[in-house]
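Just below is one structure, and these are the notes that go with it.
Every read-out reported here was derived from the displayed coordinates using simple, explicitly stated rules and does not represent laboratory data. Computed from a prediction, not measured in an experiment: that's the story for all the values here. With ideal geometry, Cβ positions are generated from the backbone for all residues, glycine too; neighbour counts draw on all protein chains shown.
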Ligand code: IDP
C-alpha cells in the first residue's frame, strides 16, 4: 500500500536538554524516513495553545505547556510511506514507564515524578493533525 505522507515530529525540551536529539534522529534515519525540514524553535504559549488545543482543560494541560516552553524543541518535517503511523510506532506509547523496550520512549524515557509525562518526542496522530501541526510549526 502506498500512502506517502508527512508528519510533524518534535524532540521535546527534555530530549534536547538531555542531548538525545542525535540519537532520536539516528533512529528516524535508520528507519528510512526522509527529513524534509528541521528547525530549532523556542515555542511560546500562543503556539503551544494551538498545538495542544485538544487538551485544554485537562489536569496536565498547564504543566504540559510550561514544560514545552521550558526550553527549545527540535521540529522536524518527516516524509515517507505511512510515516504518521510509523513514527508513532517508533516513539512508543505515551507513558515512558510502560512504553515498549525498543521504542524511543521505552528505551530512553522514564517517569521523573512530575505532573507531566516528559516523554521526549511528539508525533502527529492523523493526517488531519499532521497538516494542522505542520502549518503551525513550519508556516
Ligand atoms: P501522545 O503524545 O502520546 O500523542 P497525548 O495524549 O496527545 O499523547 O498527550 C500529549 C502529551 O501530554 C503527552 O505526550 C504527555 O507529554 C502529556 N500527557 C498526556 N497524558 C498525560 C497524563 O495523564 N499525565 C501527564 N502528562 C500527560
> What does the convex hull of the Cα atoms come to per residue for the stretch 1-127, in Å³?
Replying inline: 107 Å³
>> If packing is taken as the average count of other Cβ atoms within 10 Å, what order do 49-60, 106-117, 88-99 fall into, highest mean first?
In response: 88-99, 106-117, 49-60
> Which of 9, 73, 16, 41 comes first, and how do the rest follow, when ranked by fewest Cβ neighbours within 10 Å?
Replying inline: 41, 16, 73, 9
> Fully extended, how many nm does the chain gain between residue 111 and residue 138 (0.36 nm per residue separation, minus their Cα-Cα distance)?
Replying inline: 6.7 nm
> Rounded to the nearest 500 deg cm²/dmol, what is the calculated helix-only ellipticity per residue at 222 nm for the chain, with -39500 (n - 2.57) per DSSP H run of length n ≥ 4?
Replying inline: -11000 deg cm²/dmol
